[in-house]
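Just so you know, all these numbers are worked out from the coordinates, no wet-lab data involved. This structure is a prediction, so every number in the text was calculated from the model and none was measured. Note that each Cβ is placed from the backbone with ideal geometry, even for glycine, and that neighbours are counted across all protein chains shown.
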Amino acid sequence: MEKPEAEWRQELPPEAYRVLRQHGTERPGSSPLNAEKRPGTFRCAGCGQELFASTTKYESGSGWPSFWQPLEGAVGTTTDRSFLMVRTEVHCAACGGHLGHVFPDGPPPTGLRYCMNGAAMTFAPDQGDPPGTR
Ligand SMILES: [Zn+2]
């Protein structure tokens, strides 16, 4: 999915644009998604692709929403050599939007820490059956 940068800039909130399209990083602790603990799915703020299930979210203490595993095929990675460090950059597999980085210091079973920017994601709580349908 390709879109001109001008369109992204128009459609996205400024902070989401800065993270997704300009590889920005939000201030730690600034995202309301840090505290999100309901069952549901985290989606890409750029294109709506489902990225992470709430069951893989954990409290890393970093100030960024952290997960130990993405949904299958949801994200891609590239090597990021900016800031004189070698890190693994994580982006949405559908629109290429920058999401964050993955580090090898996560919990079992994967040992990975997907350190994500909340501004790059939206949360969709699981829909229970509407009242009165059973
Ligand atoms: Zn996306």
- prompt: So which of Tyr17, Tyr58 is surrounded by 18 or more Cβ atoms within 10 Å (Cβ to Cβ) and closer than 16 Å to Gly100 by Cα?
  reply: Tyr17
statement: Note on region 75-110: residues touching a residue at least 24 places away in the same chain (Cβ under 8 Å), closer than 20 Å to Ser62 by Cα, within 16 Å of the ligand (Cβ to nearest atom) and buried (at least 19 other Cβ atoms within 10 Å of the Cβ) are Val90, His98, Leu99, Gly100
- prompt: Do we find that Gln69 is in contact (Cβ under 8 Å) with a residue 40 or more places away in the chain and within 11 Å of the ligand (Cβ to nearest atom) in this structure?
  reply: no
